[in-house]
Amino acid sequence: MTTAQEPSQGSSEASHRAVPHMSTDEFRRRGKEMVDWIADYIDRLNGPGTERPPVMAQVEPGQVYRSLPVHPPSEGEPWEAIAADIDRLVMPGVTHWQSPGFFGYFPANTCFPALLGDMLSSGLGVQGFLWHTCPSLTEVEMRVTDWLAQLIGLPASFTIEGSDKRGGGVIQSTASDAALVAMLAARERAPSIGAPTPTTGGPRLIAYTSTQAHSSIVKAAMISGVGRDNVRLIDTDEDLAMDASQLARQVRADRDAGHVPFFVSSTVGTTSTGAIDPVRTIGELTQREGMWHHIDAAYAGSALVCEEFRWMVDGWELADTFNFNPHKWMMTNFDCSVLWTRDRESITGALSITPEYLRNRASDEGLVIDYRDWQAPLGRRFRALKLWFVIRHYGADGLKAFIREHVRLAALFAELVGDDHRFELVGKRELGLVCFRLRDGSDEETKALMQRCNDTGRILLTHTVVPVGPAREERFVIRVSIGSTYVTEQAVRDAWDVISGTV
Ligand SMILES: Cc1ncc(COP(=O)(O)O)c(C=O)c1O
């Protein structure tokens with residue numbers, strides 16, 4: 001290893017010296033400083049309220065951009081100058097997703113073992129598009145996705161080692177990528193419809209999901225060429241879960257019109273309110289109709305480590321693909337979204353293409369999994385490391401305790417809201433997401449309340465718009481999503497104090 005520079009001898013040596021690499025000694029020092037900085041940051045987020053930065057970044061649009069130099073440096077800068085700019089230029093524009101006062105969107109939580117896994121992945125700097133390019137990357141991922149399947153009770157047919165060895169898991173970047181991959185595989189498997197353009201007036205491939213599904217499903221249709229107009233958004237019941245009888249009716253109507261229903265995405269834990277679609281009924285329909293069933297459990301999937309929540313996925317053995325994001329609620333920092341299939345060949349059949357420069361003996365002989373054939377991009381990082389570290393550090397018991405505590409806190413928060421006559425709970429809470437609005441207030445008033453709460457800097461809340469009550473009128477609703485790694489009962493009670501004291 002190079003720690004000190006020798007005097008140069010020849011010209012190539014001189015040009016080598018001109019490249020100002022950081023020495024391993026300095027990296028050791030700066031790396032430790034960076035770890036200290038991160039640990040101090042997390043300590044500060046969890047310290048006394050007065051020391052905590054406002055949860056939401058307090059900058060105007062363009063402020064960070066304008067604060068950065070217009071031109072890059074021509075000469076390298078000392079590390080001290082670079083590091084100083086983290087606090088000076090970057091931190092003012094950082095929203096603190098890991099703050100215990102962060103209740104927005106869904107969590108994107110992290111933990112130290114996961115950070116160490118990501119650090120190791122970057123340090124190794126390997127690529128795993130082929131087994132051949134880094135066998136450990138592929139095989140740790142195979143084993144860890146099998147482990148995760150066991151932890152959430154996923155049927156063995158979805159695993160690498162499942163009874164017929166046809167299934168398996170893969171780490172995608174996001175649930176959006178997973179949905180796209182599933183739709184591409186489904187399109188490949190669907191009966192041919194000739195030239196599938198939405199403008200020909202001929203038969204079309206039709207995909208289905210609910211009005212409450214994440215927009216990534218429609219986006220997958222846009223990207224895959226299925227077309228956004230060929231996605232049917234099926235209405236929901238009073239709990240905002242997909243109405244399976246409407247789905248069946250729509251599929252029948254599309255068949256009668258000469259179209260080809262080919263794909264259903266059901267959601268376990270919708271983005272707006274955490275609603276749970278009827279997975280078994282949808283699975284039975286898709287099997288009867290020869291359609292692909294993808295289950296998007298991006299958020300709620302983490303809760304399946306606890307046996308008491310597995311009713312949500314009753315019937316998932318009938319699905320073709322299942323996906324959830326450990327990067328949401330399982331402390332495995334972004335990005336880490338696991339997609340399982342019962343039929344890996346349907347995915348590789350849709351995505352595999354082999355130019356000469358990627359050929360190698362192990363692949364040619366069909367001895368290995370090449371994960372490039374399970375995803376849209378070619379390159380892939382060693383993301384399994386962070387998931388492996390998380391699972392080993394916490395164990396099944398630790399992960400269960402983590403989820404159960406958040407669900408307990410959400411139940412407590414829902415009780416506080418429900419006991420206050422000024423508020424009305426919306427949707428059916430199952431996990432860590434609580435939705436509510438002002439009972440007698442207008443949408444504008446609920447929105448203004450959320451804004452005032454966020455302006456305190458003590459908490460961050462986000463919103464949605466969903467049909468509410470028997471009239472199913474679209475109303476503005478505040479979402480409180482409890483799932484940050486360091487959230488405590490005190491933090492939840494503080495959030496309630498802010499909200500109830502701000503009305
Ligand atoms: C149900 C659901 N599906 C998909 C997504 C998209 O997630 P990603 O950012 O991993 O694409 C989300 C994001 O919140 C979600 O809630």
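What is the sum of charges, Lys and Arg at +1 and Asp and Glu at -1, for the other residues whose Cβ falls under 13 Å from the Cβ of ARG452? Write down the numbers at each step before the final one.
Numbers: positive: LYS447, ARG458; negative: GLU444, GLU445, ASP455.
That sum, taken over residues with Cβ under 13 Å, equals -1.
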For segment 121-148 and segment 413-479, what is the separation of their Cα centres, given in Å? 43
Could you give the dipole magnitude of the chain about its Cα centre, charging the beta-carbon of Lys and Arg +1 and that of Asp and Glu -1, in debye to the nearest 20? 520
Beta bridges by DSSP in the chain, antiparallel share as percent, to the nearest 5: 60
When SER163, SER481 are ordered from fewest to most other Cβ atoms inside 10 Å of their Cβ, what list results? SER163, SER481
Euclidean distance of C-alpha centroids, segment 36-53 and segment 361-402, integer Å: 32
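Which of GLU26, GLU284, GLU424 has the fewest other C-beta atoms within 10 Å, and how do the rest follow up to the most? Mind showing how you got there, number by number?
Numbers: GLU26 12, GLU284 16, GLU424 20.
Going from least to most buried by this count: GLU26, GLU284, GLU424.
Could you list the trypsin sites (Lys or Arg not before Pro) in segment 328-395 that lie in coil according to DSSP, counting only those with at most 12 other Cβ atoms within 10 Å of their Cβ? Spell out each step's value before the answer.
Working: sites: LYS328, ARG342, ARG344, ARG359, ARG361, ARG372, ARG380, ARG381, ARG383, LYS386, ARG392; in loops: ARG342, ARG359, ARG380, ARG381, ARG383.
Passing both the DSSP loop test and the Cβ count: ARG359.
Based solely on its DSSP helices, what 222 nm [θ] is calculated for the chain when runs of n ≥ 4 H residues each add -39,500 (n - 2.57) and the sum is averaged over all residues, nearest 500 deg cm²/dmol? Before the final figure, lay out the partial values.
On the way: 16 runs with 200 residues, N = 503.
Mean residue ellipticity, 222 nm, calculated: -12500 deg cm²/dmol.
So what is the relative contact order of the chain, in percent, for Cα pairs below 8 Å that sit 6 or more residues apart? Please report the intermediate quantities before stating the final value.
Numbers: 925 pairs, mean separation 101.4, N = 503.
Answer for the chain is 20 percent.
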For a quick check of your reading of the filter: which trypsin sites (Lys or Arg not before Pro) in segment 125-184 sit in a DSSP loop and have no more than 16 other Cβ atoms within 10 Å? LYS165, ARG166
Tell me, what is the percent relative contact order of segment 136-287, built from C-alpha pairs under 8 Å that lie six or more residues apart? 19
Are there trypsin sites (Lys or Arg not before Pro) in segment 410-455 that DSSP marks as loop and that have at most 15 other Cβ atoms within 10 Å, and which are they? ARG422, LYS428, ARG439
Dipole of segment 121-191, positive direction: furthest Cα of ALA186, LEU148, ILE160, with charges on the beta-carbon: ALA186
Student exercise, segment 248-351 dipole from Lys, Arg, Asp, Glu Cβ charges, in Debye to nearest 20: 120
Can you give the charge dipole size of segment 8-108 about its Cα centre, rounded to the nearest 20 debye, using +1 on the beta carbon of Lys and Arg and -1 on the beta carbon of Asp and Glu? 200
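Read-outs: derived from the displayed coordinates by stated rules, not from any lab. This structure is a prediction, so every number in the text was calculated from the model and none was measured. Glycine also receives a Cβ, built like all others from the backbone with ideal geometry; neighbour counts cover every protein chain displayed.
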